[in-house]
Every structure is written in C-alpha cells, then in structure tokens.
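What follows is calculated from the coordinates using simple rules that are stated; it is not laboratory data. This one's a predicted model, so the numbers in the text were calculated from it and none came from an experiment. Because the Cβ atoms are built from the backbone with ideal geometry, glycine has one as well, and the counts that use them run over all protein chains shown.
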Amino acid sequence: MATQKNNPLHGVNLEQIVTELEAHYGWEYMGHQINIRCFTHDPSVKSSLKFLRRTPWARAKVERLYLDMLQKNPSKRPL
C-alpha cells in the first residue's frame, strides 16, 4: 500500500473513471478530446467500458484525461 500512496489511480476502477469524467465533462467533450465511437455515437458507460477494457491505447488516454481533471480540480480527488 505504501508504494501506491502517490498514485491517484490506485483504488479507482475504470467504471468510476468513466462515470466521473462523464459527470464532469459530458460525452460530447469527451468525444472531442478522445475521438472514439463509444464517446461519439450513442455513448454509454457500458459500451465505453467494453471498448476501453479491450483497447489499451484508448484506456491510457481516458486515464490521462482523468488525471488532468484531478489536477485541475483538486476537490474531485478520491479519498
């Protein structure tokens, strides 16, 4: 646990990341930032999770967007 104390992604699952990003930015902005169909065409958390779990490069971009959101909004940090 001590090795992960500075990792903001530790203890946060992909569903939480996608849900928080959607609540904060919305699907339209997310689709503009990361041009993938699961954000631009009939978006949902379920379809996004299915795609992101199978696509490492897209997941990395979503995690980067989440980290950027946390950096810009310290109050959004998980406990």
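Out of all the residues in region 60-67, is one or more outside any helix (DSSP H, G or I), loosely packed, with under 15 Cβ neighbours inside 10 Å and hydrophobic (A, V, I, L, M, F, W, C)?
Going residue by residue through region 60-67, those that are outside any helix (DSSP H, G or I) are none.
Within region 60-67, none of the residues are outside any helix (DSSP H, G or I), loosely packed, with under 15 Cβ neighbours inside 10 Å and hydrophobic (A, V, I, L, M, F, W, C).
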Going through region 13-30 in order, the residues found to be crowded, with 16+ Cβ neighbours inside 10 Å and closer than 18 Å to Arg54 by Cα are Leu14, Ile17, Val18
Note on region 9-36: residues outside any helix (DSSP H, G or I), under 16 Å from Ala60 (Cα atoms) and within 11 Å of the chain's Cα centre (by Cα) are Leu9, Val12, Asn13, Ile34
